[in-house]
Structures are given as C-alpha cells and as structure tokens.
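Values in this text are rule-based calculations from the coordinates and carry no lab data. Computed from a predicted model, the values in this text were never measured in an experiment. Reconstructed Cβ throughout: ideal geometry from the backbone, glycine too, with neighbour counts over all protein chains shown.
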Amino acid sequence: MKFSLNWIKEYTKIVMTPDELKDRLSVSLTEVESMENFGERFKDIVVGEVEEVEAHPTVGNLLVLKLDIGTRHVQVVVQRCPMQKGDKVPYLPPGVVVPGEIGSTSGGDRVKRVDVKGVSSDGMVPSGRELGLNYDHTTVYSLDAEAKPGSPFNQELDITDQIFEIKNKALTHRSDLFSIEGIAREIAAIQKTKYRPLAWLEDWKSMIPANIEDRLPIRIENDSEALCKRYTAVVLDSVEVGPSPRWMQIRLAKLGIRPVNNVVDISNYLMLEVGQPNHAFDYDKVVSKDPQFDGTAIIHVRMARGGETITTIEGALKELHDNTVVISDSTNPIGIAGVMGGKDTEISNDTKRVIFQVENLDQYNIRRTSMKLGIFTDAVSRFSRGLDPNRCEPVLYQGMHLLQEIAGARIASKVQDVYKDKRKERSITFSSDGCRARIGEDITDDTMVRILERLGMSSVIDGKHKTITARIPTWRRDISIPEDVDEEVVRLFGYDHIRPTLPVRSISPVPENESRSYRVRVKEILCEGSGNEFYTYSFVGRKLYEHVGLDISAAHAIMNPVSPDLGYMRPLILPSLVDKVPQNLKYRREFAAFEVDMVNPLKTDGSMQKSLPVEPWHVALLHTVSFYHSRKYLDLLMSSLHVRSWDIERAGKIEPGRIPAWVRYAQDMFHPSRFGYILAGAEIIGVIGRFADEACDLAGLPSGASGFEISLSDLESLISLVPDYKDPSKFPAVSHDLCFVTKASVPYNELLKAVWAAEGAKDLLRSVECLDIFTEEQRVEEKKTTLRVCIQSYDRTLEKGEIDTLRSSIEKSVARVVGGHLAMKAGE
Amino acid sequence: MNSPSRQKKQSNSPFNLSNVRKQMTKDFGGSVPESYQSLRLKYFGKKGIITLVLRSIGSLPSSRRAKTGQEINVLKEEVEDRLRRLHETESMAKKGSAFVDAIFDCTAPFSPNTPNIDKPRFVDRKGSLHPLTSVGEKAIRIFESMGFHVTESRRLDDDYNVFTALNFPEGHPARDMYDTFWTDTGLIPITHTSSMQNRIIRSVEPPIREIIVGKCFRHEATDASHEHTFYQLEGVYVDKGVTLADLIGTLSSFMNAFYGRTVKYRIQPSYFPFVEPGLEFLIECLVCGQKGCPFCHYSSWVEVVPCGPIHPNVFSEAGRDPSKYSGFAWGLGFDRLVILRNQISDIRHLHGGDLRFLEQFS
C-alpha cells in the first residue's frame, strides 16, 4: 500500500521528518517497506519556453523547437505535435535520466545530445508518459503559461513529495488502512496532530439536490443479499470523456496508477482516497445489449449460472462459477462483482451516459472468486479485507459530485440504494485494569481514552465500574473484544515504553524430553565417528527415487510443488543423501553423510493416529566406500547407544512377514545379494546395504557406495543412554587367537553365536574380536576366520585347566552349531 | 646407488602432483591394468608414490603446506578408491560374480582377504554437526534453562491444526500470507510450528512452558535469501496473569543469553490471527552493527520472532478459559539466527549438502 505525504497533508499537519515518520509508523502501525523522494527523479528538469517552432527540414513528422531555458537558448527535435510559440514545456538537458513510465523505479535512458538527420538536438522535451506523470505519448507534456523559463520543473507541479510504501501483510484485518484517509488518521494519531476528516464523509446528502428528474430510470434487483450487503447506483448523462485534470493525474501517477480518462480516473481516485472500490458502466452499452430493456435500466445482482462466461476489461474470457457474484443486466452478466467489469460495457471515449455504482461484498466470497478466476486487482485486495457498507452511499455521492465537476456530467436518475441489513455502530466496554494487567504496564485511563479518540473511537470512562466504553466506528470491524482494544492502546502508547518483565515461576526442574535427547545423541555419535551431518529437503522427486530403484507414487504427493523434483513427501532419508553424493566427489572420495529427520511413510504403508499419518523418526547414513564402512558406523551407533541385542541378518533368514513395509520398500535400493536387515531385539528396525549397480550408474555413486536407514522410533525402546556398568575385574585376563575353518557359506554372526553359546562362555568370555577372514584361492569353498577371545573371571584367577576347558568347549560348540573346526595352527 | 642425481630425482618427483596424477591415470586406466597387489605396493608400499608424497608434506614451505596438503589428500583418496575397485574387479574376474555374492557376508565386519590397510575405518577427518543442529541445540538449552520443556512438531498436519484452531476462519485472507503446500491426502506440510499450539494448550495443564522445534514449509521460490523449507522454534507460555511485558522480557533475555551480550531489540506491530496484538520482535543487525547491510536490507534491524499474546479464541478452541488464563507465543526463525551468526550469504547452503560448507562446522 502506497501513500503520498502531500495527500496526507490535506488531513493533518506533518510535524515529523520523513525519516521520523517512517520510524514511528514502523513501531506503531506496520513496517514501511520503502520511502521515495518522488521529486528527485525530476530534479534536473527545468522549464523551457518555446521561442520558435519549425518543421524539420527533411523529416516530415519531426519539429525543431528553440527554447528559452532561462540561462540560455537550446534547440530540441521532437515528434510532430501541436506546438506554438510561448508554450511552456519541461526540458531535460543532456546527461539527465528520463524519469520513465508510471511505476518505474529505475528510470529510463539518459538524454544524449544527438544529431537528428542533420539537425542537432540539445536535450529532450518529453511526453507525459516519458515523465511518468500520465500515459500520453502523442504530445509533449505542457505546463501552465505562468511557468517561468529556467525554474525547476518539480516546483511547478505537485511532485515534490514523499511516497511511502507500507507492508500490507500486517494490515490484513485493517481494511480502513487501504486508503489515504485511513492512513492519515493513523499518522495524525501517531504525531498527536489534529485530524481533519473529509467533509463529504460527514455530510454527503447536501452535495446533491434532492429533487432529481428521473430521466433515465434504473432499477436494482439484489438476489445475493447474503454476499452483497449493499448496492447503490445512479445514472449520469452528458458525460464528456476526456483527460482528467492534471492534479488528479499526478496523484494517481505518484501511487502507480495509470491515468486513463476522467471517468475511470475518478473511480480510481475515490478508491485510493477512501478505500472503497466502485465502477462505471457505459449506460448505452448496457441497455442496448439488454434484450428486455423497456426504458428502465436493470441491474441484477445475482449468482452466476453454471456455464456463463464474461470477457473482462482486460480482454480475458472467464468462465463463471455458481458461487461468483455477478452484476448483470436483465439477462447477461456485465461485470464480476468487485473483481472486474466486462469489456462489453466498458467506458470509452465515446461514452455519453454512465451507470455509476458502489457496492459492498462479502470478503471471503470475493477472495475465493478472485483465486478461482486468477484475477487480483486493487479492488479485490480491498474488498477481501472486509469493507464498511456504510461507506457506499457517501462514495456514490462524491463520485456523482466529481463526475459533474470534472466530466461535465448531469445526474439523470434517482439514486438507488439496496441495503437491508444495516451495519450499526457498536461499542465495547472493557475494564481498564484488565487492559493494564494484560499489557503489564501502567497506562492511565486518560491515556487510553486519548489514544482511542485519536483513532476515531470516542470513549467514556465509567469511574464507578472502572471501565471504559469506546464507540467503534463501522469501519473498524477488527475490534470486537477487549484484547483488540489492547492493541490500539499499546501500539500508540509505544511498545518501546513497555518495561520488559520476566514471568514468575517455580524453580521445579523441567522434565527432559528423552526421545529428543536420544536423537541428538545419535547425531553426536555419528559426528564423533567423523560423519558429516546433512540437512536435506523433505520434498523429493520421482526421478531421484527411480534412480535408486524405488517408485515414489505411493508417497504423499504435493499438489502445488515448487518444482517437479520436490513433488513428494519423503518416505526415506537415504535417497536424499544419494542425491548429494556426486557434487561432493570432486573434493572428497571418502565420506560418511548422515541425517536424522521425521519421514512420511507411503500412503499404503503408514499407520494412522487420530486421522493423521504417524511420522516416524529415521536416521540414515551413506558411506561412499564400501558396505563394511557403513557397517562400521552402524556398529558405532548401536554400541554407543548401548543397544544390547542387535544384529544384521541376511535376507533369506527372515520370514517376509516380519519385515516392516518401509524396510521392504527401502531394500530395493540395494544390490539384491548385498544387504541385510538390522534387528534390535526381535524387531527389524532398518536395513543396510550396498547400492545396486544400476543405482550407482544412474545416481552417479561410486561403486562401493552403501548406507543404512533405521527407524529411530522403533529403536527407541531398546536404547539406553546409561551404560550397563560393571566393576572391572581384579583378576588377570588371557587373550587367545582362535582360527576357525568353516564352509565359506557360514555367516560370521553364526560362528560368533556358536562361540558365545559354548558352555562356560557366558561366565568367562569377556569379548570376541574378529582379526581376519581368509579364503584361499584354491579352496574357495571354505574360509578361515580368526577370532581373538578374551577370557577372564570376575571372581578368581583362572587356572590353565579352566582356560583349556573353555577353549575346547568353544571348539565343540562351533563344531556342533556351524560345523567348523580349529585350524592346525592359530596365532597365539 | 645413492648418487646425488638420483636422490634429487626421488625427492623432487613427488612434489609434482600433476605427474603423479598422470601416472595414476596411466596405471589404472590401461586396458590390461597391473595387478592389485603390485599397484598397492607401488603407491602405498614403504617407498610407494603416495607414501613418499605424504612424507614430503613436512618439507614444504609452510605457505604452501595447507593447500598442497589438501591436494595430496584428495589424490590419496582417489588412488585408494581406484585400488578398491581394482581389487573388486580382480576377485570378480577370478571367481565370477556369483562367487563374490556367495561369500559376501553382511553379518561380518569386513570382507574375506581384506588386507589390514583396507579394513573399514572411520573417515580420518573430524565429523561435523549441521549448524542448524548446533544453533538449535544452543537455543533449546537456553530455553530449557528458563524452564521450558521441549517437543517437536509434525511434518504433515491438517487444516484444523494449521489454521482453523488458530483463529483463521475458512476463507480468511490471512491464510494468503502463508504460501501453503497441500498434499493429495488433504494435508499441509506445516507452514508454522504454531500448528502444535492447540494440542499443547489442550493437553498440558497450566502453567505451560513449552517450546516446539520444527521444520516448516512455504511455497516460495528459492534464492539467496528465500527458502521453501525453514525452521522454527515455537514458544508457548500459559499461566494466570501473564503479560505482554513478560513476552518482551522473555524474548529479550533469550537474545541476550544467546549472543552473550545485551542485544538491542524493537517491537513492530504485525498481524497473526492467533495472537492479539500481533507483533514482530526485531533485533539489531549484528552483521553490520546497525550501519546497514544486505542482511538487514539496510534497515539495521532483523526480524527474528513473530510473537504476541495468545488470542482468546485460541484458548477457547483448545478448551481453556481465556478469562482465567493468559499467555504468549512466538515462532523464532532459527535458521535466521544461523545465517546471522555465521554471516552465510546464501540461505541455500543450509540444504545444499556441500561438504565444503558442512565441514566448516566440525
């Protein structure tokens, strides 16, 4: 929302500097996004007086002007247009930047001294469009006859001004601030200066004679009273369409609105001034197209019928829906209420008679209509904030007044006003103590009243009941409860005057959120193992999943993704890490990337809780080198989390029914024979594997790339952040390296289980470590696994015999369980 | 044997990394590459090429040491990678891939016949926590010390929790301020962590002192200062007699603790339907010291915490009596704190997955 400080000055005196005002607006109303010294862009332009007008010697459509610019005389070539000696024009010397069209912020080209087909042109005499003051490009911009040659151009017109732009976002509830009038009231309240309301808003009826001849009668039928609370209209004739006066054009131009003609400009001007959109239809076009016209123009406010269409002023054909409010003649729509008028009934240069109308519309309905049709206009942004129906009539009258004054119009019909459910002024009574208690600052009743009055809410103190009653004007619908009054009071009292305090509380300790602490611990552990924590988007794309061999179709799909690569909520983390590998390979061949996040299981897999899908926490780690490198991180994680019984198990060993759906889904990323399930207790909580060859090719992974993904939510009940402590044994420990020969197909974990299952192992075996696994090239069917076992008792020094017994019971157990035997020689 | 010329040649050649690289490309790239064993020896043996290069780092002038050291490391990792691949190809060729699959044992700590030097180990660099984790944890610790309990938000939530329960009537234009994503399942990737407010006010018996950490999403085109994915740290404080001045005091104390000094703040009016009044808590721009810079858009202030006293309708909707309780809530954008703390010029780094970015936070 933009406003001009000069325009505000019609309502109140400006006592602050622009910078002060910017600062105070920011802390009392809303952020000022920008502030422009509008006159700056014209600062090098001076007034020139035309001394001679000559045709260009060779080019027919050019004129050569000789100008007096006060200090000297210059010659400028311009496009042919009506010009005569004595005309006053703006002159841009060479080197000056052309201000540029309305709305431009950076300006146009720099003026150059040029030779135009043999005639030198020493500067520029611009058109209104080049100055950004109107939209005319057919003539040069001319000034009043009184302008003095050589004087600064920006002192000749109302263009030395400050244009502020304030943030709309914070004003969603304040439709009254989408107007100069409303902002002026705030500025007066902020400065504590006197506010002069618009006279016509106080008394509009007296502007128009009461007895108007109903020459061109008009009738209004409102079938949508729920959505169009008020509809007012009038017919005017003898309209002379032409450019609007310069002061009006300049006011519009400064706020970025392009002047069109006097009728349209008056409509826009009123909207800028008081925030009430309005519209003028060409009366003759309306009635000539109305198949049932019988001398009385019909305006029918109704819901669109299915299949109806309209071509808007912008020339777009729009299909209307049955929840769109339209303005129609007896039969066909002529405008989308509050959104945009129709092309067929648009004001043109030939328009002689107009239907001028002002309506009030439901803010929610108009927002839906605008979104559905994809039309976002200044009118929509105002209507959708909820306007005051009581404003319709005064705006209609002021419009009639301006059309008479500026466009020579005459009122040709009685004013029609359909307004059943009148909005009445309310008042709100609140406890001033309550207000102070909520704010926590000592603001006196008198201060409160003064603030409210400045904002247009006359207020009375009831000393007996310690309350204040404030009259809430009908244009402040946002104030309905005492808390709403708090805001008015406190923002004008000044947030910077509130002394901060701290809430008082008991010193009882805060219970720890253990599952969160443990997730943080997971990150720390992987980081301690030199992993790099990544954060990646929760959004993923079909292509990425296809590259790793997964189909994303069943994931929660985003209906309006930022890009197709971000079209689904991710069910897994690991593919997102895959995505980040290639870019890093340039400087790192070896790294472990990990991430912890909440994921969204596939629609087909997820369980629901209170009608929302359950979102488990996962951790995923990717290592670029090999399966066993990823596994090393898994070992680190599980041992650091003190997960007591966990294991990796081969695919064939697990009944498919035990595998959670998400794991079954995820495992397809991996090479079919190089992955394993991660078990904790009896449950499968994740999967680890080397990526499939195709995945490596498609996703650009190194051939050894591998990774794991675990459901931390499933693991949670099995972890402990406190180790299972036992006092170290006081008795000596012995290490033995045992080399077992087994079939190559015997998995390591079964050998290990066999060792631990040996009689006496629970008591005396402290640890088992794998030193080597070896397969001879000639005997690939068998392998040798060297284990270092540590034997120690907690209560005695072991005799040699006891150690030998344990060794042989281990040997027996291995023979029995996996069919292995000790190699002839084991390093000891 | 030890003629001076030879010695010179030996000690000089490792410095020329591009020569080593050429040699490597030749050794590994030929149609009949040398065997794994011989190449391992050639590069990593006692007098191996890489071994010597590594040893030579110490003799480099200190000005060049860091840069060259880094280059050497990259080269070393590359050679190791090529060796591993060669090893795998060799065993495949010898025994057939079916065999390799058969002896692959996911339950083992390493693959058969793995030389010690190739046994899996941790990456020999320091790991790193993402700055969003470390900064988030720092902020959480401060709030915990102030008596707040911490929870986390959902990722997908319903319209009720994201909007309706927070006093956004259906069709309310304030909904337009939130560039909301929608899923085909009718859910919303949360636009703010306030989506947890209703649940918390409903389920926790006052006094409520809760902070909620969450990943949020808004439909926004990404550029150096905009992201569709961002992080919030929501605060909810509910008790009897809680004031707006308490809100200001709480946030200001947090900022002072977070930055370890007194941080200037300022309050601006804003609008969020679930608080009344709606406020924006700004802090001085710590990048430029309020001189004006791109981080603060030359305004000297940085918006970090939208906040305000909880709206009575939010209390009522959550089944708490607004005449009995009052409270405040905020939604601190903690990626903003990360950006400011480290003066990160492009917010896209946070999700970029670039190790050169991430490793700096080790």
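Points worth noting:
- Inter-label distance, residue B:170 to residue A:465: 3.7 nm, where each label sits 7 Å from its Cα along the C-beta direction.
- Sorted into 5 angstrom bins from 0, the C-alpha pair distances of the stretch A:111-265 split as 1, 6, 9, 11, 14, 14, 14, 12, 8, 4, 3, 3, 1, 0 percent.
- With 5 Å bins from 0: P(r) over the stretch B:99-156, alpha-carbon pairs, percent: 4, 12, 12, 12, 9, 8, 8, 11, 10, 9, 4, 1, 0
- Rg/Rh ratio calculated on Cα atoms of the stretch A:253-347 (Kirkwood radius): 0.99
- Against the main long axis of the alpha-carbon atoms of chain A, helix A:748-757 sits at an angle near 50°.
- Rounded to two decimals, the Cα radius of gyration of the stretch A:583-682 over 2.2 N^0.38 Å is 1.22.
- Treating each Cα of the stretch A:450-512 as an identical point scatterer and summing with the Debye formula, the log10 of I(q)/I(0) at q = 0.15, 0.21, 0.28 Å⁻¹ comes to -0.62, -0.93, -1.26.
- Expressed in Å, the radius of gyration and Dmax of the Cα atoms of the protein assembly as shown are 39.3, 129.
- Loop-located trypsin sites (Lys or Arg not before Pro) in the stretch A:557-633 whose Cβ has at most 13 other Cβ within 10 Å (DSSP): A:586, A:610
- Computed from point charges on the beta carbon alone (+1 for Lys and Arg, -1 for Asp and Glu), the dipole magnitude for the protein assembly as shown about its Cα centre is near 3880 Debye.
- Both radii come from the Cα set of the stretch A:434-483: Rg as radius of gyration, Rh as Kirkwood radius; their ratio Rg/Rh reads 0.95.
- Projected area averaged over orientations for the stretch A:367-446, convex hull of C-alpha atoms, nm²: 10.8
- For the stretch A:59-197, the Kirkwood hydrodynamic radius from C-alpha pairs, put into Stokes-Einstein at 20 °C and a viscosity of 1.002 mPa s, yields a diffusion coefficient of 120 µm² per second.
- Here the relative contact order of chain A, from alpha carbon pairs under 8 Å that lie six or more residues apart, stands at 8 percent.
- Expressed per residue, the C-alpha convex hull volume of the stretch A:699-780 stands at 216 Å³.
- Descending principal axes extents, the stretch A:317-378, alpha-carbon based, whole Å: 35, 21, 20
- With Cα atoms, 0 to 90° folded angle of helix A:180-191 axis to chain A main axis: 70
- With eigenvalues of the C-alpha gyration tensor scaled by 5 and rooted, the stretch A:667-742, Å: 35, 22, 12
- Summed over all non-identical Cα pairs, the Kirkwood treatment of the stretch A:118-192 gives a radius of 16.4 Å.
- Separation of the residue A:782 and residue A:85 label points, Cα + 7 Å toward Cβ, nm: 12.5
- Span from the the stretch A:324-389 Cα centroid across to the the stretch A:704-745 one, whole angstrom: 73
- Ratio of the Cα radius of gyration of the stretch A:203-258 to 2.2 N^0.38 Å, where N counts its residues: 1.65
- Value at 222 nm in deg cm²/dmol, rounded to 500, when DSSP H runs of n ≥ 4 in chain B each add -39,500 (n - 2.57): -12000 deg cm²/dmol
- Those residues of the stretch B:120-154 whose amide nitrogen sits under 20 Å from the label point placed on residue A:507, 7 Å along Cα→Cβ: B:142-149
- FRET E, pair residue A:822, residue A:796, Förster distance 22 Å, beta-carbon r, rounded to 0.05: 0.25
- Each distinct pair of alpha carbons in the stretch B:124-198 adds a 1/r term; the inverse of their mean, the Kirkwood radius, is 14.8 Å.
- Summing charges over all other residues whose Cβ lies under 14 Å from the Cβ of residue A:643, with Lys and Arg as +1 and Asp and Glu as -1, gives -4.
- Given chain B, longest segment not containing exposed loop trypsin sites (Lys or Arg not before Pro) (DSSP; at most 16 other Cβ within 10 Å): B:127-239
- From largest to smallest, the equivalent ellipsoid semi-axes obtained for the stretch A:53-103 from the alpha-carbon gyration tensor read 20, 16, 11 Å.
- Fully extending the segment from residue A:499 to residue A:427, taken as 0.36 nm per residue of separation minus the present Cα-Cα distance, adds 22.9 nm.
- Spatial separation of Cα centroids for the stretch A:613-668 and the stretch B:297-362, in angstrom: 34
- Rounded FRET efficiency, nearest 0.05, which uses the C-beta distance separating residue A:437 from residue B:121 and R0 of 56 Å: 0.30
- Here r is the Cβ-Cβ distance between residue A:106 and residue B:287 and R0 is 35 Å; the resulting FRET efficiency, rounded to 0.05, is 0.85.
- Extreme residue, positive dipole direction of the stretch A:342-417, given options A:358, A:400, A:383 (C-beta unit charges): A:383
- Over the stretch B:203-362, Cα pairs under 8 Å with separation of 6+ residues give a relative contact order of 25 percent.
- Under the Karplus curve 6.51 cos²θ - 1.76 cosθ + 1.60, θ = phi - 60°, whole-Hz ³J(HN,Hα) for the stretch B:357-362, x wherever Gly or Pro sits: 7, 5, 5, 5, 9, 6
- The loop-placed chymotrypsin sites (Phe, Trp or Tyr not before Pro) in the stretch A:740-828, going by DSSP, that have at most 15 neighbouring Cβ atoms within 10 Å of their Cβ come out as A:794.
- For the stretch B:136-236, share of DSSP beta bridges that run antiparallel, in % to the nearest 5: 75
- Between helix B:17-29 and chain B: long-axis angle, C-alpha atoms, 0 to 90°, nearest 10: 80
- Entry note: the stretch A:390-544 has Rg to Rh equal to 1.29, where both radii use alpha-carbon atoms and Rh is the Kirkwood radius.
- Volume per residue of the C-alpha convex hull in chain B, rounded to whole Å³: 230
- With each label modelled as a point 7 angstrom along the Cα→C-beta vector, the residue A:323-residue A:757 pair spans 6.7 nm.
- Calculated on the alpha-carbon coordinates, the convex hull of the stretch A:729-828 measures out at 87 cubic angstrom per residue.
- Every Cα-Cα pair of the stretch A:459-558 was included, and the share exceeding 18 Å stands at 78 percent.
- Positive-end residue, the protein assembly as shown charge dipole about Cα centroid, Cβ charges, pick of A:150, A:639, B:35: B:35
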